[in-house]
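Below is one structure; the comments refer to it alone.
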Amino acid sequence: MRVNRQSPAGRANFRFLISLLLNLAVAVFVLSDLKGARDLILGAESEDLTAEVASPGRPDRSETAVSVLKPRACKPCEFTPALCAEIGDYNVARAIDSISANNRLRRVLAKIRAGQPFDFAVLGGSASLGHGIPYGKEHSDPDFDPANSRANLHRIIFDYLAGLAPQPKEVVIGASGKKEGKNGYINGSKAGTGSGYFAYCFPEHIPEDVDVVVIELGINDELLLQNLDTYEFMVRGVLDLPNKPAVIYAHIFNLLFNTMSSGGDLHRGLNRYYNIPMISSRDAMLSTILQDNTLVEKVFTRERGTPGDGDYSALDLRHISTYGHHITGGLVSAYIGMQLCDMESESEMRGDATVADVNVLYPIEPIPRMRLGTKWDPDTKLETLHPSCFSMDSKKHPLVPKAQKGWRKWNWKEKYYWISTDPGSTISFDFRTIVGEVSIHYLRSQTFGLGDLYCWVDNDRSKDTRMEGWWPLEFNIAQHMEIQGLSPGAHVLNCELTPDTHDPNGGHEFRLIGLTR
């Protein structure tokens, strides 16, 4: 008798077909009676673990439906719906560069919700002082103060925070109000100044026990690598203040200079390293502006001419307008609302809504032991720096010369200087140093006709330093020059205005701002 035998490949195909049919049968059985299968495995009295969570407007599909708590998805447009209607949900969302837990801010929010007073401070430039605000309807008011106006982006943020309290509090402008049970609003901004100054002098401008600090230096810090170091030193100093304040970066923009990028783009990486949220009105608005030039007149202020005439030189493209402040302040407020929503949602999840110890709920992350701008090693731990600052803008430690000949105090609006225009004029300052160096802060400009200054320490002119007021860049901004290699202790800084100058038009004027060590 002949027997037909299958090849090995044929037998394998037959087994695969049988296996596939069996699996399909099991799947049909399970899907047709999932509840029965569940009861068979877990028991008929077990609760449906796959039941939908009951919610308002949704019928309860079983008598034993379980309410499962889930973290709430907090979206920015919940807190600023009018802003989202104005510029679009997408643009609001793209402006917020951080959604991570901000424990420093949450500690402050917990205090505010508990009815405690808080101090709010700003470190920024002329835009933060409201230089784009006074033009327009409010310009006719002689007492109008754009730095502290409710139209200022920082006052918008402050008012939003204050509105989270159970009861309103009085506001102290320009100083801490906590000892009086009031909220303090301190705009410590300085026009024409970046982190090169604030790295040393921020304590002259804001209270030591501040709770919230908003930084706006994305324009005044030019797109120069040297600003990475000074910005990082400043940030470390602010984060290390006694109250461990919440720090928020408000990134605005201008359309005046050669690039639309700015120092804020350098700051972005450092902000991530230090977990500082960066809220960018440029990210929210610039792409739309590039599609519609008429929006330029809305975001920036017209100084002369007729609206819509196409003369962009008649606009102040350096400073955002009242509308620009409104958008930026609203974006930061939306971020704060998201943080508050998240912390309350997490508190409900934990069931500890009544826990009041912020040190337990929101511990502070240590400041990184090394600066991002240094090479890694396993041992270095950077100590906190405590520089001393003597500034023309400071009420705590004003810059007072030991002696001077041919110099005078001078200011343009809120910019204050020691100024001289006569070659051969001299000025000197007493100072002490621990680390063996001193820094001189001065103004540089392409257009102001600035000259050159020689400075030396004590009687040693072999190590004199030349500072040039003129430079080819388009920024009018404070810079600093260091003299190093000094012995610790008391010294005298001597300076003399030189007869030669780098200004192409022969200008000799020099403007001194401060001294740090």
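Of the residues in segment 249-307, how many are within 21 Å of the chain's Cα centre (by Cα) and part of a loop (DSSP other than H, G, I, E, B)?
The number of residues fulfilling the criteria is 12.
Every residue in segment 308-335 that is surrounded by fewer than 23 Cβ atoms within 10 Å (Cβ to Cβ), touching a residue at least 24 places away in the same chain (Cβ under 8 Å) and not in a helix (DSSP H, G or I), please.
Matches in segment 308-335: Asp316, Leu317, Arg318, Ser321.
When you go through (1) more than 25 Å from Val238 (Cβ to Cβ); (2) open to solvent by 60 Å² or more (accessible area, probe 1.4 Å); (3) part of a strand (DSSP E or B) one by one for Tyr416, which number turns out not to apply?
For Tyr416, the failing item is (1).
Can you tell me which residues in segment 254-294 are charged (D, E, K, R) and in contact with a Lys or Arg (Cβ under 6 Å, 6 or more places away or on another chain)?
Asp283, the sole residue that qualifies.
Quickly run through segment 244-268 and pick out the residues that are within 19 Å of Leu123 (Cβ to Cβ), surrounded by fewer than 18 Cβ atoms within 10 Å (Cβ to Cβ) and out of contact with any strand residue (DSSP E or B) (no Cβ under 8 Å at 6 or more places or on another chain).
Scanning segment 244-268 gives Lys244, Asp265.
Out of Met338, Met349, which single residue is open to solvent by 50 Å² or more (accessible area, probe 1.4 Å), in a helix (DSSP H, G or I) and in contact (Cβ under 8 Å) with a residue 60 or more places away in the chain?
Met349
Scanning segment 197-222 for residues that are open to solvent by 10 Å² or more (accessible area, probe 1.4 Å) and out of contact with any Phe, Trp or Tyr (no Cβ under 9 Å at 6 or more places or on another chain), which turns out farthest from Met481 (Cα to Cα)?
Top of the filtered list is Asp209.
Do you know which residues across segment 396-413 are farther than 19 Å from Gly192 by Cβ and either within 32 Å of the chain's Cα centre (by Cα) or buried (at least 20 other Cβ atoms within 10 Å of the Cβ) (or both)?
Within segment 396-413, Lys396, His397, Trp407 meet the criteria.
Tell me, which strands (runs of 3 or more DSSP E) lie completely within segment 162-218 with 2 or more residues that are within 19 Å of Arg236 (Cβ to Cβ)?
So the answer is 212-216.
Among strands (runs of 3 or more DSSP E) lying entirely in segment 437-517, which contain 2 or more residues that are surrounded by fewer than 17 Cβ atoms within 10 Å (Cβ to Cβ) and of a type in the set (Lys, Arg)?
Of the strands (runs of 3 or more DSSP E) lying wholly inside segment 437-517, those with at least 2 residues that are surrounded by fewer than 17 Cβ atoms within 10 Å (Cβ to Cβ) and of a type in the set (Lys, Arg) span 460-468.
Quick check on segment 370-395: of everything there that is polar (S, T, N, Q) and either touching a residue at least 12 places away in the same chain (Cβ under 8 Å) or under 23 Å from Glu204 (Cα atoms) (or both), which residue is surrounded by the fewest Cβ atoms within 10 Å (Cβ to Cβ)?
Result: Thr384.
Scan segment 290-307 for residues that are crowded, with 18+ Cβ neighbours inside 10 Å and without any contact (Cβ under 8 Å) to a residue 40 or more places away in the chain and jot them down.
Glu297, Val299, listed by residue number.
The values are calculated or read from the model by the stated rules, or taken from the named source; none is laboratory data. As the structure is a prediction and not an experimental result, all values here were calculated from the model. Cβ coordinates were reconstructed from backbone atoms using ideal geometry, including for glycine residues, and neighbour counts include every protein chain displayed. Surface accessibility is based on the protein's heavy atoms, side chains included, excluding ligands, DNA and RNA. Shrake-Rupley method; radii C 1.70, N 1.55, O 1.52, S 1.80 Å.
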